[in-house]
Amino acid sequence: MALPDGLYDLLLTEGLARSLTDLDPSRANVSALKGGAAELLADVITRQLSTILDDVSGDEAQKAKRQLELVNDLLVMLRQRLAGSNADGAAAAGEVVDLVAPPLRVLRAVQRDQQFQVSPEIGLGVPWLFTAGKGSPSLLQEILRELASSDQVDILVSFITVSGVRKLQDVLQQITAKGGQQDGQAPPKTRLRILTTTYTGATEARALDELARLPGCEVRVSLDGRRTRLHAKAWLFQRKTGFGSAYVGSANLSGAALTGGLEWTVKLTQRAQEALFARAVAHFETLWADSEFQRYDPDNVEHRQALAAALGRESFGGEPSSTISFFDLQPKTYQLEMLEQLTTERAHGRTRNLLVAATGMGKTVVAAFDYRNTCRIEGGRPRLLFVAHREEILRQAMRTYREVLRDPEYGDLLTGSHQPERWDHLFATIDSVTSRNLVATVGADHWHTIVVDECHRLAADRFDAFAKAVRPSVLLGLTATPERSDGQPIAPYFDSRPDGSPAVELRLWHALDLQLLAPFEYYACDDATDFSEVPWDRPGEREAVDNLVTGNDVRAKLVINEWRRLASNARQSRAIVFCVSVAHAEFMTEWLNRAGLPAACVVGTTATEERRRAPQRLLSGELCALVTVDLYNEGIDLPMVDTLLLLRPTQSPVLFQQQIGRGLRLAPGKESCLVLDFVGQHRAEFRFDRLLSSLTGLSRRELVDGVENGFGSLPPGCHIHLQRQTREQVLQGLRSLTSQNWRRLKTELQT
């Protein structure tokens with residue numbers, strides 16, 4: 001076979017020499033080998049032996065037996081050759097040539113005084129490239145397993161943030177915990193050394209404090225950003241067994257880097273790439289000895305002051321701009337696809353369409369551009385009715401239509417406090433439409449286009465009567481959550497596609513996969529409150545929950561402590577706190593303000609002007625939390641929100657997804673959304689699977705694997721952590737559901 005032109009580094013084999021016979025000798029660069037023979041010869045043996053072993057025939061058992069015999073035959077021959085070379089050869093051959101013991105078995109671990117650790121999914125001898133793609137294991141989960149099973153860990157990163165440390169917190173505390181001995185305390189199981197910098201001011205002092213206070217952990221920092229431009233990111237995991245690993249690439253110790261989708265990280269192993277591994281270890285030691293990196297002690301005032309000064313110098317400074325553009329005047333690429341799909345549906349005669357898209361995907365924007373397309377087709381502005389259940393939703397929708405149509409005067413409001421002069425381009429609450437008997441007054445076909453926002457509420461009596469009464473040329477329903485907690489389907493109100501699906505569908509997990517939303521960090525916090533007697537999904541649910549949480553000082557204190565522990569800086573958060581009742585919201589608002597976390601209680605009875613000002617107060621930093629009941633569940637755009645506190649337990653995936661959706665809108669300077677869910681204690685029948693599936697799109701069996709082994713297949717940047725008691729409770733519930741009897745399966749299918 002002709003060899004292509006190019007560079008090579010191959011030992012000349014007989015076959016390769018034959019390939020060169022037809023080539024002018026002056027056109028092939030062949031030279032004598034000078035050093036490095038062992039590596040190249042080993043490469044020849046490895047490649048040819050792998051091919052030979054792969055070609056062995058037979059079933060799995062026969063194949064393995066024949067492969068073992070071939071390898072041992074080769075080793076016996078080597079032993080005999082070595083033994084015959086000199087007088088002491090027999091002893092030397094016995095030491096160098098070690099036959100494989102039949103049958104084939106693999107030693108995975110030796111741990112005399114503790115339980116076996118879980119090995120990394122990739123193993124300890126195979127290199128890998130992490131890209132956060134669907135076929136790649138989770139970088140975070142692999143690092144957690146490497147940490148838990150190493151004797152020494154050396155970390156070299158440009159910056160460190162709290163969001164990164166908290167993802168490793170449980171394992172770091174476990175591996176650095178000191179053990180008891182008769183003569184005092186044993187040293188930590190793992191030695192931890194960390195090198196970082198203050199470059200760009202991205203490192204967070206609190207993150208360094210938490211690391212430096214771990215037993216056996218030493219942190220060194222370069223404080224001179226003008227001199228140090230450290231871009232190297234390396235994680236070195238050393239083991240006494242000789243099976244070390246090194247992760248080299250673009251992963252800093254931050255939440256985005258450990259779970260994000262734009263990071264490439266190469267894993268190399270001590271076993272397979274011994275020279276590279278040794279080089280990485282040696283270079284770390286060189287940096288560790290460099291006086292540029294200074295030891296950091298969080299309890300040393302001088303160290304803290306020097307760090308603060310360095311971070312201040314390097315920081316680009318200031319809060320992100322408070323001017324946020326809620327809507328663009330041109331649809332984004334994915335919105336164009338939605339518009340094309342709606343056009344296709346109508347071309348097939350389906351004019352009553354349902355658009356299902358995750359919170360933050362701009363459903364109202366799509367509706368406005370769809371109407372603009374209709375205006376172009378019809379040659380004017382056909383009559384429009386936009387229906388929702390809250391005035392705030394209508395105001396935002398009207399603003400969107402005005403921006404898209406470039407007409408600041410377009411549309412009129414119809415609410416309890418606004419009476420329009422005309423009925424042609426109307427943004428109305430369903431209560432106002434019903435109380436004025438508007439459809440009967442102006443006619444069922446008065447409006448060419450009717451848009452119903454949050455249309456999963458259609459099955460309620462007023463929406464049901466309205467949807468059945470109107471006869472527009474175009475009906476468009478908008479929702480992020482078409483599933484209803486009352487089990488009433490909304491599909492009959494719309495024309496389904498031939499496969500039964502909605503006209504347009506872009507679910508939460510798909511949007512996160514496409515990085516169209518801010519990633520979430522979901523922490524299910526252990527909560528001792530006993531909700532086992534709550535009648536879920538039945539009358540009295542809200543009252544029963546309210547009785548357990550309102551006035552519960554222990555739970556309120558837990559909420560504040562966990563928020564402070566898991567957030568970079570709770571005071572600088574922009575949070576929404578979801579409560580079960582007005583009394584509960586007022587109770588939590590009082591607790592937060594007493595704790596130095598300024599919060600405002602915003603509920604349905606709050607004065608209109610105060611409700612309008614609340615989001616701006618949150619954005620400006622005057623407040624760090626808005627405490628509410630149902631008010632911000634849906635339809636309101638608050639991109640600045642970066643923290644959610646879920647204080648109202650629920651079995652409703654609709655409510656659960658709506659609340660989490662409040663924090664997933666993209667905004668300048670927003671890395672992710674921290675979600676703290678205070679779960680409580682529930683009876684075995686509590687449906688955790690519905691909640692977690694609505695968040696991840698995973699099946700029950702996939703959820704069981706995720707809870708047991710970590711959620712390694714989440715969208716880029718997303719993270720789920722269940723604290724110990726919650727994890728056990730969720731796992732027990734999931735396992736019982738995956739082994740249901742026939743009667744329970746029938747009931748669930750009917751539901």
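The table below gives the values:
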read-out	value
Residue match in segment 528-548 (condition: open to solvent by 40 Å² or more (accessible area, probe 1.4 Å), at pLDDT 90 or above and over 22 Å from F656 (Cβ atoms))	no
Contacts under 9 angstrom Cβ, first residue in segment 129-148 being without any contact (Cβ under 8 Å) to a residue 40 or more places away in the chain, partner aliphatic (A, V, I, L, M), 6 or more apart	S136/L129; R145/V118; R145/V171; A148/V118; A148/V171; A148/I175
Flag if E454 is within 42 Å of the chain's Cα centre (by Cα) and on the phi > 0 side of the Ramachandran plot	yes
All positions within segment 612-621 that are within 16 Å of V577 (Cβ to Cβ) and surrounded by fewer than 17 Cβ atoms within 10 Å (Cβ to Cβ)	R617
Exclusive hit being closer than 23 Å to A202 by Cβ, in contact (Cβ under 8 Å) with a residue 60 or more places away in the chain and open to solvent by less than 10 Å² (accessible area, probe 1.4 Å), set G680, G663, G669	G663
Filter result for the condition that a residue is open to solvent by 20 Å² or more (accessible area, probe 1.4 Å) and either touching a helix residue (DSSP H, G or I) at 6+ places or on another chain (Cβ under 9 Å) or within 23 Å of G133 (Cα to Cα) (or both), over P649, P716	P716
The listed residue being in contact (Cβ under 8 Å) with a residue 24 or more places away in the chain, of a type in the set (D, E, K, R), crowded, with 16+ Cβ neighbours inside 10 Å and farther than 25 Å from T550 by Cβ, out of D630, D642	D642
Qualifying residues in segment 314-334 (those that are surrounded by 14 or more Cβ atoms within 10 Å (Cβ to Cβ) and assigned to a helix (DSSP H, G or I)) - the one modelled with the highest pLDDT	Y334
Cβ pairs under 7 Å, 6+ apart, first in segment 291-309 and in contact (Cβ under 8 Å) with a residue 60 or more places away in the chain and among the polar types (S, T, N, Q), second assigned to a loop (DSSP other than H, G, I, E, B) and buried (at least 16 other Cβ atoms within 10 Å of the Cβ)	Q294/L223
Tally of residues being part of a helix (DSSP H, G or I) and within 15 Å of V474 (Cβ to Cβ) across segment 491-505	1
Residue within segment 600-611 that is open to solvent by 50 Å² or more (accessible area, probe 1.4 Å) and under 18 Å from N552 (Cα atoms) present	no
Verdict on C624 being in contact with a Pro (Cβ under 7 Å, 6 or more places away or on another chain), under 12 Å from I576 (Cα atoms), open to solvent by less than 10 Å² (accessible area, probe 1.4 Å) and in contact (Cβ under 8 Å) with a residue 12 or more places away in the chain	yes
Residue match in segment 565-581 (condition: among the small types (G, A, S) and within 21 Å of T650 (Cα to Cα))	yes
Positions within segment 48-69 being hydrophobic (A, V, I, L, M, F, W, C) and loosely packed, with under 14 Cβ neighbours inside 10 Å, in sequence order	I52, A61
Qualifying positions in segment 1-46 - surrounded by 10 or more Cβ atoms within 10 Å (Cβ to Cβ) and basic (K, R)	R18
Residue count, segment 520-547 (criterion: part of a helix (DSSP H, G or I) and touching a residue at least 24 places away in the same chain (Cβ under 8 Å))	3
Looking only at segment 284-309, and only at residues there that are under 13 Å from R220 (Cβ atoms) and small (G, A, S), the one that is most open to solvent (accessible area, probe 1.4 Å)	S291
Qualifying residues in segment 561-593 (those that are closer than 23 Å to D526 by Cβ and basic (K, R)) - the one least open to solvent (accessible area, probe 1.4 Å)	R565
Residue, nearest to the chain's Cα centre (by Cα), within segment 155-197, restricted to residues that are at pLDDT below 80 and assigned to a strand (DSSP E or B)	G179
Failed item, numbered, when G125 is tested on (1) surrounded by 11 or more Cβ atoms within 10 Å (Cβ to Cβ); (2) at pLDDT below 85; (3) over 29 Å from L208 (Cβ atoms)	(2)
Sole exception among (1) modelled with pLDDT under 90; (2) touching a Lys or Arg at 6+ places or on another chain (Cβ under 6 Å) for A460, by number	(2)
L68 at pLDDT 85 or above and closer than 30 Å to S149 by Cβ	yes
Residue list for segment 454-475, filter: open to solvent by 10 Å² or more (accessible area, probe 1.4 Å), within 26 Å of I377 (Cβ to Cβ) and assigned to a loop (DSSP other than H, G, I, E, B)	R471, P472, S473
Within segment 340-422, strands (runs of 3 or more DSSP E) holding 3 or more residues that are open to solvent by less than 40 Å² (accessible area, probe 1.4 Å)	352-357, 384-388
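Here is a yes/no grid of residues against (1) of a type outside the set (V, I, T); (2) within 20 Å of I175 (Cβ to Cβ); (3) surrounded by 12 or more Cβ atoms within 10 Å (Cβ to Cβ); (4) modelled with pLDDT under 85:
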residue	(1), (2), (3), (4)
A83	yes, no, yes, yes
N86	yes, no, no, yes
G94	yes, no, yes, yes
V97	no, no, yes, yes
V110	no, yes, no, yes
D113	yes, yes, no, yes
F116	yes, yes, no, yes
L129	yes, no, no, no
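The values are calculated or read from the model by the stated rules, or taken from the named source; none is laboratory data. Source: prediction; values computed, not measured. All Cβ positions, glycine included, derive from the backbone under ideal geometry; neighbour counts span all protein chains shown. When the accessible area is computed, the model is the full protein with side chains, heavy atoms only, and any ligands, DNA or RNA have been set aside. Shrake-Rupley method; radii C 1.70, N 1.55, O 1.52, S 1.80 Å.
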